[in-house]
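Below is one structure, written out as structure tokens; the observations come after it.
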């Protein structure tokens, strides 16, 4: 996609509750349309309740927004950073309306999801498309999106630093316990998704591609993990594991679960694990509960030395990388070079037709070659991600 003139950046994220009274309304938003009663939602709210009803994600997004603003200002790039969430205040429709009321007409969206699948990419595109339709801004406000950045150096390099430090920590702990040189395994953890969604990830009607394990979502994680291991410790044993499974038990999701994987490793003689939260941009609830609480407890029960690597958060390399991604798309301050640390990238600026299909039904989308939402600009579906 050719560089364009944008007048604001939209930081789009998942959102989370900020108090005990917010938990059930937030979970209603997350599960809307599925008919799940509040009694069931209360059963699954314990990880939020245990943390005062507060998800760390909103505070982390405020910090990331401030860091992006500082980096843009340091480069002399005059683009305000707006923030909108899918499931909690500030909501995306309100953010778009406020942007339009402030005089903005073309936004460039950066999401807090690095990979390709329905929930990590297409659902954001749908949320924007539906919001433009519902607010009456379709045809008045254009929204494009930066590429998925799973293998951009700004995302990968903080994990390289963290993985190296994590291996050193676990090895030192084992040495101190009198077992120097004991087997250590690196677990790259990401959010599990339904296998049907995994198989649809990255699929394109006009450009079929073959991916490892028949999924762009899985292939992207494997490629990023391989790049990290090669940079840190090529001889290290590692694997990709999953966490945070939800939904009906009979629906197949990606496996193995991290806790099951640790049990198998311990039985096979592994003495320590380094957990790399490769699927996550920041230390939100799936990290602080599913990894820092549940997985850490499992490791302790199994007698495994354990270290969890930091997420990129507001690491300067990550912030710099996101601004570089913005500059790839802007007519001013353009960056022509598009780095990628795996053979899969750089990923598309414009999502391909049918990519990461929504099996629940078609909805208006933006930033794709199969979009259904109009734009204030001339329709150019092959080049412009804002229109059909």
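Its Cα gyration tensor gives segment 87-200 an equivalent ellipsoid; the semi-axes, largest first and in whole Å, are 43, 16, 12. Building the convex hull from the alpha-carbon atoms of segment 257-300 and averaging its projection over directions returns 3.0 nm². Each part reduced to its alpha carbon centroid, segment 50-119 and segment 5-24 end up 7 Å apart. Using all pairs of distinct alpha-carbon atoms, the Kirkwood hydrodynamic radius of segment 220-312 works out to 14.1 angstrom. Normalised Debye scattering of the chain at q = 0.06, 0.10 Å⁻¹ gives log10 I(q)/I(0) of -0.23, -0.65, counting only Cα atoms as equal scatterers and leaving out solvent.
Just checking the listed ones, 116, 246, 204: in the Gaussian network model of the chain with Cα springs under 10 Å, the one fluctuating most is 246. For the options 272, 313, 103, a Gaussian network treatment of the chain with springs between C-alpha atoms closer than 10 Å singles out 103 as fluctuating the most.
The alpha carbon gyration tensor of segment 49-97 gives principal lengths a ≥ b ≥ c with a/c of 1.5 or higher and a/b no greater than b/c, which makes the shape oblate.
Taking only the alpha carbons of segment 148-228, we obtain Rg and Dmax values of 16.9, 58 Å in that order. Compactness of segment 153-308 is given as radius of gyration and Dmax, 16.1, 58 Å, from Cα positions.
Antiparallel beta bridges, as assigned by DSSP with both residues in the chain, represent about 5 percent of the total such bridges. Evaluated over the Cα positions of segment 128-179, the convex hull gives a direction-averaged projected area, one quarter of its surface, of 6.3 nm². Under 10 Å, Cα contacts only: if you run a Gaussian network model on the chain, which one of 147, 245, 360 comes out with the highest mean-square fluctuation? In this elastic network of the chain, the residue with the biggest mean-square fluctuation among 147, 245, 360 is 360.
Just so you know, all these numbers are worked out from the coordinates, no wet-lab data involved. Keep in mind that this is a model prediction, so the values were computed, not measured.
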